[in-house]
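Encoded as structure tokens, the structure appears first; notes follow it.
Just so it is clear, none of the values below were taken in a lab; they were calculated from the coordinates. Bear in mind the structure is a predicted one, so any value in this text is a computation, not a measurement. Heads up, the Cβs are rebuilt from the backbone with ideal geometry, glycines too, and the neighbour counts pull from every protein chain shown.
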Amino acid sequence: MDFLFTCGWCGEENELYGERTGFWNNRFWLPDTFDCWSCGGNSTVPAPPWTPAD
């Protein structure tokens, strides 16, 4: 599932893919940080709950 995160440097939305994990596949794993597609800045992924991308 894809989730939207806002870059802490430029404010652009970034879409990250979360892999399903857990016994029932009802949780998602995301990296701790991501690189913004727009400015290249490195931002931290906030704690859940996350906003699913449409």
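In a Gaussian network model over the chain where Cα atoms closer than 10 Å are linked, find which of Asn25, Asn42, Asn14 has the largest mean-square fluctuation.
Looking only at Asn25, Asn42, Asn14, the biggest GNM fluctuation is shown by Asn25.
Given C-alpha coordinates of the chain, what is the ratio Rg to Rh with the Kirkwood estimate of Rh?
Details: Rg = 11.5 Å, Rh = 11.6 Å.
Checking Rg against Rh, the ratio lands at 0.99.
At 7 Å along the Cα-to-beta-carbon direction for both Leu4 and Asp54, put a label point, then send me their distance in nm to one decimal.
Here the modelled spin labels are 0.8 nm apart.
Would you mind computing, in nm to one decimal, how far apart the modelled labels at Phe23 and Val45 are, each placed 7 Å from Cα along Cα→Cβ?
Going by the 7 Å Cα→Cβ label model, 2.3 nm.
Counting only residues 5 or more places away or on other chains, whose amide H sits under 5 Å from the amide H of Thr6 once H atoms are built in the peptide plane?
Asn14
Is there a quick way to get the dipole size of the chain? I mean about its Cα centre, with the Cβ of Lys and Arg at +1 and of Asp and Glu at -1; what is the value in debye to the nearest 20? Don't skip to the end; give the middle numbers.
On the way: 2 positive and 8 negative charges, 52 e Å.
Roughly 240 debye, rounded to the nearest 20.
For the chain, with a Gaussian network of springs between Cα atoms less than 10 Å apart, report the residue from Thr33, Thr21, Thr44 with the top mean-square fluctuation.
Thr21
Can you list residues whose amide H is under 5 Å from Gly18's amide H, if they're 5+ apart or on another chain and H is modeled 1.01 Å from N?
Asp2, Phe3
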